[in-house]
Amino acid sequence: MAEEAAPHVLLICYPGQGHINPMIRLAKRIASKGLLVTCSSSSIVRDKLAAASGVSAGGDGVLVGRGRIRFDFLDDHFDGTELDLHNFLRHLETAGRLALAGLLGRQAEAGRPVACIVGNPFLPWATDVAAEAGIPSAVLWVQSCAVFSIYYHFVHGLAEFPREDDPDARFALPGLPALSVADVPSFLLASHPYKVLGDTIQDQFRNMGKASWVFVNSFAELERDVIAALPGVRPRPPQLIPVGPLVELGGHDDDGGVAVRGDLIRAADDCVGWLDAQAPRSVVYASVGSIVMLPAEAVAEMAHGLASSGRPFLWVVRPDTRALLPEGFLDAAAGRGMVVPWSPQDRVLAHAAVACFLTHCGWNSTLETIAAGVPVVAFPQWGDQCTDAKFLVDVLKMGVHLRAPLRREAVREAVEAVTTGPEAGAMLANARSWSAAARAAVAPGGSSDRHVQAFVDEVSRRAR
Ligand code: UDX
């Protein structure tokens, strides 16, 4: 297909790291099959993406496989006022509707009319803009199918959710293991400080039924039971189409390498050289992703726990948390531990020196550790992380839980349990077998690859 004639797909997402990464990785999968893909988000991330990842809007973009990826941003005119998530999303909607319509017009004028818009559940209005412009749309759900099912049951009042005063109670949903209150996305609990998120959760389902495709960052083999159970739920949820895991596999995913990245903080690439100097399967890698803020006591306990683990460690302490490190810790840790503001996590998890991942269990990190075959110490903080941790430990059996409030001895014991404990060998074997399944799903002809191909074929057919 001549490049000028390639159908054009627009992907837009909420301006958060946990949303930008799966968007860019889906863009790579689509572009590698010959389409032109534009990635977009709010203009508030434009400068960070430029500084940390070299992303710039306009121009010819980057060649990826047989296609091309470009960037364009939605000008949101933020004046810097602090808004809670609910009001932030309202602002994104008001400004974003206009900006998206403008972007569609610009692309058409430039001879690149958009053939399909792939939105994000935090931006349900994108589906309206697409419909008004006569363009088909899709949605990318960036959490697990399990979390989708739990939220869906909650929104439609289809299940009795566990009460916080009864931590031992279990409740059942089709295709899911019995869940306790600790395993439910915490935004559903009455006591959660961000209860406003309840409205946001509800909103994620708005317009989803109008989309022609609902993609999910997961793979059929990983969540077979819940995927099989969803069509039996009434009212019937939209069909989830797994296209993941949307992870970087170090050159295995036909995406033209890692030339296009979406880091909002510049990654400390020198940590890969530091890993090169460590023994195989010796290092504890620890990170709580892009948003979780640990309290000062937890940071101190983590520091002492990692230091006393007897292993080298690579710890991501974001710039907004660095001041919480115990005094003198960095000097004391020098030599055995490395602390970085942001890591190239895909390369770190793929490194032979990494023995385990102490993770907050954000869904991207969860999929990345599954794809890399690295056992986990699961330390969820809120939201879907609680369900992801349950899944990693009790369903996939590739790690152990670490519970708050954090204690240094518990950090050391958990690291020991996944690296040298009696179950460590079985956990590693499970992690490796899930890694093989993840890679097979996105390899040519794998379950997720076929779903992406079917989408590309359908968009190309409709654009003819
Ligand atoms: C958010 C929510 O917190 C999470 O619960 C939800 O599932 C997705 O959106 P976040 O907390 O940032 O995401 O976690 P996660 O989903 O793991 O995404 C973080 C991303 O940043 C991952 O792709 C990870 O590889 C990347 N990362 C993280 C780095 O590249 N370097 C780092 O040092 C840390």
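The values are calculated or read from the model by the stated rules, or taken from the named source; none is laboratory data. Note that the structure is predicted; figures quoted are calculated from it, not measured. Don't worry about glycine lacking a Cβ; one is built from the backbone with ideal geometry, like all the others, and counts go over all protein chains shown. SASA here: full protein model, heavy atoms, side chains in, ligands and nucleic acids out. Shrake-Rupley method; radii C 1.70, N 1.55, O 1.52, S 1.80 Å.
Taking 0.36 nm per residue of separation and subtracting the current Cα-Cα distance, fully stretching the chain between ALA429 and SER212 would add 74.2 nm.
Taken as Cα centroids, the stretch 112-156 and the stretch 404-464 sit 24 Å apart, rounded to the nearest whole angstrom. Average accessible surface for the stretch 70-193: 42 Å² per residue, computed with a 1.4 Å probe over protein heavy atoms with every protein chain in place. For VAL339, the amide hydrogen comes within under 5 Å of the amide hydrogens of TRP315, counting only partners 5 or more places away or on other chains and with H modelled in the peptide plane. Scoring 218-227, 372-381 by mean Cβ neighbours within 10 Å over their residues and listing the highest first yields 372-381, 218-227.
Over the stretch 305-464, accessible surface divided per residue gives 39 Å², non-protein components excluded, 1.4 Å probe. Placing one equal scatterer on every Cα of the stretch 72-150 and applying the Debye formula, the log10 ratio I(q)/I(0) at q = 0.23, 0.24 Å⁻¹ is -1.11, -1.16. Between ALA332 and ALA352, what is the FRET efficiency for a Förster distance of 35 Å, r being their Cβ-Cβ separation, to the nearest 0.05? Approximately 0.85, to the nearest 0.05. Phi angles across the stretch 449-457 convert, under the Karplus curve 6.51 cos²θ - 1.76 cosθ + 1.60 with θ = phi - 60°, into 3J(HN,Hα) values of 4, 5, 5, 5, 4, 5, 5, 4, 4 Hz, Gly and Pro given as x. Note on the chain: dipole from Cβ charges, positive end direction compared against SER144, THR94, ALA31; the farthest Cα belongs to ALA31.
Summing Cβ point charges (Lys, Arg +1; Asp, Glu -1) relative to the Cα centre of the chain gives a dipole of roughly 980 debye.
Ordered by solvent-accessible area of protein heavy atoms (1.4 Å probe), largest first, the residues GLU297, GLU160, GLU458 come out as GLU160, GLU297, GLU458. If R0 is 41 Å, the Cβ-Cβ spacing of ARG464 and THR94 corresponds to a FRET efficiency of close to 0.70. For the pair GLU82 and THR420, label points projected 7 Å from Cα toward Cβ lie 4.5 nm apart.
Sequentially through the stretch 353-361, phi angles give Karplus couplings (6.51, -1.76, 1.60; θ = phi - 60°) of 6, 7, 9, 7, 10, 8, 10, 7, 6 Hz, Gly and Pro residues having no value and appearing as x. Normalised by the number of residues in the stretch 317-375, the average gap of Cα pairs under 8 Å and 6 or more apart makes the relative contact order 30 percent.
Projected label points at ARG407 and GLU221, each 7 Å from Cα along the beta carbon direction, are separated by 4.0 nanometres. Cross-link reach is defined here as a Cα-Cα straight distance under 21 Å, omitting same-chain residues fewer than 8 places apart; for LYS48 the lysines meeting it are LYS28. Spacing of the modelled spin labels on ASP394 and GLU109, each 7 Å from Cα toward Cβ, amounts to 5.6 nm. To put it simply, the accessible area of the chain at a 1.4 Å probe is 53 percent carbon and sulfur. Projecting the Cα atoms of ILE135, PHE122, ALA159 onto the dipole axis of the stretch 120-171, where Lys and Arg carry +1 and Asp and Glu carry -1 at the beta carbon, places ILE135 farthest toward the positive end.
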